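**Student:** Shown below is the structure under consideration.
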Amino acid sequence: MAALLFALPVLLLHLFVLAAGTATPSSLVLASCAHSRYPNLCIHTLASSAARTPTDLAVDSISAAASSARNVTSFLHHLSPPPFPAVRDCVEQIADSGGQLSSAAAELRKLRPENSQWTLDNAQTWVSAALTNEDTCLDAIRRLPAGVHRSVSAHVSEARRVTCNALYLVAHLAGGSPHRR
């Protein structure tokens with residue numbers, strides 16, 4: 001019965017992805033993303049991953065989050081007219097987030113049996129710090145004019161969701177679960 005309860009959400013997620021017309025995700029992606037904070041986004045983000053291990057999948061997820069942060073930074077740099085001070089602060093925070101995510105991916109690539117807990121703790125700390133920077137950016141832009149706020153918030157929030165999923169996958173590797181943020 002427990003296996004059926006686990007298999008049903010995975011099957012439903014698989015059907016959703018197939019209906020959306022994206023690459024068919026591996027069973028590792030489906031199983032790993034099933035209980036993430038944003039499972040559909042997780043599957044979509046990692047559908048083309050060639051990862052064969054949970055560690056490789058976590059690295060791919062962190063790399064996707066770093067790429068998302070870089071895209072947001074680029075978007076913010078190209079806002080016109082010149083951005084408000086809060087947006088300039090956001091650019092710095094999201095750029096920092098991207099760097100922290102890159103550090104987390106590099107850390108996980110060093111994972112070995114003799115350093116596993118230390119490495120996992122470091123990677124989890126980097127991803128958590130990146131998420132904090134994304135949250136700080138969202139807090140900073142709350143008082144912007146509605147049009148600017150909506151646009152900036154949409155981009156940063158999407159990057160934040162990808163980072164949340166990356167944090168889940170790293171925490172899952174470490175044997176725990178991050179606080180649901």
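The values are calculated or read from the model by the stated rules, or taken from the named source; none is laboratory data. Note that the structure is a prediction, hence the values are computed from the model and not measured. Methodologically, a virtual Cβ is constructed for each residue, glycine included, from the backbone with ideal geometry; neighbour enumeration extends over all protein chains shown. Side chains are part of the model used for accessible areas, which takes the heavy atoms of the whole protein and leaves out ligands, DNA and RNA. Shrake-Rupley method; radii C 1.70, N 1.55, O 1.52, S 1.80 Å.
**Student:** Return the distance in nm (one decimal) between the two label points of a simple spin-label model at residue 27 and residue 40, each offset 7 Å from Cα along Cα→Cβ.
**Tutor:** A separation of 2.6 nm, rounded to one decimal place.
**Student:** Just by accessible area at a 1.4 angstrom probe, what is the order of 24, 55 from largest to smallest?
**Tutor:** Correct descending sequence by accessible area is 24, 55.
**Student:** I'd like the distance between the alpha-carbon centres of region 117-154 and region 79-98, rounded to an integer number of Å.
**Tutor:** Cα centroid to Cα centroid, the span is 12 Å.
**Student:** Just reorder 155, 172, 78, 149 by solvent-accessible area, largest first, 1.4 Å probe, all chains present.
**Tutor:** Details: 155 75, 172 110, 78 145, 149 55 Å².
Largest accessible area first, the residues go 78, 172, 155, 149.
**Student:** Here's a follow-up. Under the 0.36 nm per residue contour assumption, what length would be gained going from the current alpha-carbon distance of residue 142 and residue 56 to full extension?
**Tutor:** 27.3 nm
**Student:** Could you list, bin by bin from short to long, the percent of Cα-Cα pairs of region 57-181 in 10 Å steps?
**Tutor:** Calculated P(r), rounded to whole percents: 15, 45, 26, 12, 3, 0.
**Student:** What figure in square angstrom, to the nearest 10, would you give for the accessible area of residue 74 with a 1.4 Å probe?
**Tutor:** 50 Å²
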